[in-house]
Amino acid sequence: MKELKYLTIKEAVEKGDTEVNLRGWVYRERKSNKFIFIVLRDGSDIIQCVIPKSKNPKLFEIAETLTIESSIQISGTLKEDDRAPTGYEVSVDNLEIVQIAEPFPITEYQSPELLYDNRHLWLRSRKLNAILKIRHTIVGAIHKFFRDHGYYEFDAPIFQPSMSEGGSTLFEVKYYKDKVYLSQSWQLYAEAGIFSLGKIYNMGPTFRAEKSKTSRHLSEFWMAEMEAAWMELDEVTEVAKDEIRFIIQEVLKDNRKELEVLERDISLLEKYEKAEYPTIKYSEVLDILNKKYDMKVPWGKDLRTNEEAKIAEHYKVPVVVTHYPTEIMGFYKPPSTENPQEALCFDMLAPEGYCEIIGGSERSLQVENMKERLRAEGENPETYSWYFDLRRYGSVPHSGYGVGVERVISWICGLDNIKDAIPFPRTMLRKSP
Ligand code: 4AD
Ligand code: MG
């Protein structure tokens, strides 16, 4: 190799150096009698490399042994070339093989199941590489958004003694001689945290034993949550809208190339970045669905996926729906004073069929009402006595919400299935690799 520092493909192209050392993996290769073309891949990008037989027959012989995913180091001359897939090409002067890869189990046309079985290898694909880079931007944007707005990062336990989002989706774990559950939400602990820090946020793994096999549910997913003292419903919904617009803004700034790899319609994201998102009540949603779309949804039922999809498509931008029926909401979502049938809560629904991406609410301050609702769910209110303490020592109005990180990634990337929004998906039917 030349006496040069190794650059990533991206760095080499940006610097426009002519003499380069690169290392990576063989993504594609094409051999003829006179030339060998390799598409070299590293974490940053891909680049075409050419080895003409006439220039160095010995090198040509070495390159003939290369297989897909072999690891190599090369030195050569970089130049612009319109015919190359990314507009640049390296004419190779030297090539060292680090390892010749065994025949790669993934070829061009594969069943989705084979790709999930080989997820540890499929992560190298252009598609997954692009999604993982967008995921990186989105996670960074969420931290930046909250930190820039004066929120402190606050951690809650993953092992929890009780439920927050309904007992039916709890994962039970052996805990010494006892049992606990994996976290369904950071929220109840966050409600303790705000009395110390005021405004807090977190992003962490979240677990739900979802029995439904849909393209929108994972058993292990990441939720980004916030909680703030003194905040009421009309304010918290605006924070949620700002957060989503900020996430989209960051992706448009950093990931145009990846969005192109995924063939995402960028003009739609540009629209969502700038748009006002409407806030409407559940009862108004029913009016629209029933009058305009002839859908016959009775008051009191939770919205189903097709109903959520319809209302988001009606507006063609994310929609915040508030005041769902109290009866079907979690014990901590307070009945409104004007109409106790309606709870002070909201969901944000994304367009293009992606539906619920955020759930949140004001938090109930009525201890007796919460105890009653817990009992109705078969819970023992005693387990929550620490939570009710928060209503005894300087209780204040407060609100919060949780963003489904993979739901947002799926929507922004335009994915068919949420499983592709996380490196190693966990669902009812998949727990390996
Ligand atoms: O609506 P959820 O259940 O709300 C809560 O857990 C609240 N305690 C959050 C809070 O107020 N701090 O979940 C929040 C979001 C949903 O809107 C959805 O985007 C996502 O989490 N989500 C899932 N994502 C993937 N797979 C699943 N099984 C999910 N369940 C919820
Ligand atoms: Mg929800």
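Give the number of residues within the stretch 108-138 that are within 24 Å of residue 404 (Cα to Cα) and of a type in the set (Gly, Ala, Ser). Adding up the residues that qualify gives 1. Across the stretch 385-400, the number of residues qualifying as within 21 Å of residue 226 (Cα to Cα), among the hydroxyl-bearing types (Ser, Thr, Tyr) and more than 16 Å from ligand 2 (Cβ to nearest atom) comes to 2.
Listed here are the residues, each with its yes/no results for (1) surrounded by 14 or more Cβ atoms within 10 Å (Cβ to Cβ); (2) without any contact (Cβ under 8 Å) to a residue 12 or more places away in the chain; (3) not in a helix (DSSP H, G or I).
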| position | (1), (2), (3) |
| --- | --- |
| 93 | yes, no, yes |
| 102 | no, no, yes |
| 120 | no, no, no |
| 162 | yes, no, yes |
| 168 | no, no, no |
| 190 | yes, no, no |
| 193 | yes, no, no |
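Candidates 76, 166: the one that is of a type in the set (Gly, Ala, Ser) and under 25 Å from residue 24 (Cβ atoms) is 76.
Take residues that are away from ligand 2 (no atom under 16 Å from the Cβ) and surrounded by 15 or more Cβ atoms within 10 Å (Cβ to Cβ) and tell me which of the strands (runs of 3 or more DSSP E) falling wholly in the stretch 248-364 contain 2 or more. Steps first, answer last, please.
On the way: elements: 279-281, 319-322, 345-350, 355-362.
Hits in the stretch 248-364: 279-281.
Checking the stated criteria, residue 403 turns out to be of a type in the set (Val, Ile, Thr), within 16 Å of ligand 2 (Cβ to nearest atom) and surrounded by 15 or more Cβ atoms within 10 Å (Cβ to Cβ).
The single condition among (1) touching a His at 6+ places or on another chain (Cβ under 6 Å); (2) under 24 Å from residue 151 (Cβ atoms); (3) within 8 Å of ligand 1 (Cβ to nearest atom) that residue 225 does not satisfy is (1). If you go through the stretch 1-60 and keep only what is in a strand (DSSP E or B) and among the charged types (D, E, K, R), you end up with 19, 23, 28, 29, 30, 31, 41.
Regarding residue 215, is this residue touching a residue at least 12 places away in the same chain (Cβ under 8 Å), outside any loop (DSSP other than H, G, I, E, B), small (Gly, Ala, Ser) and touching a Lys or Arg at 6+ places or on another chain (Cβ under 9 Å)? In short, no. Across the stretch 170-180, the qualifying residues are those that are surrounded by 13 or more Cβ atoms within 10 Å (Cβ to Cβ) and part of a loop (DSSP other than H, G, I, E, B), and the one among them that is farthest from ligand 2 (Cβ to nearest atom) is 171.
Filtering the stretch 331-372 to residues that are within 12 Å of ligand 1 (Cβ to nearest atom) and without any contact (Cβ under 8 Å) to a residue 24 or more places away in the chain leaves nothing.
Every number in this text was worked out from the coordinates using simple rules, so none of it is lab data. Nothing here was measured: the structure is a model prediction, and the numbers come from that model. All Cβ positions, even for glycine, are placed from backbone atoms using ideal geometry, and neighbour counts span all protein chains on display.
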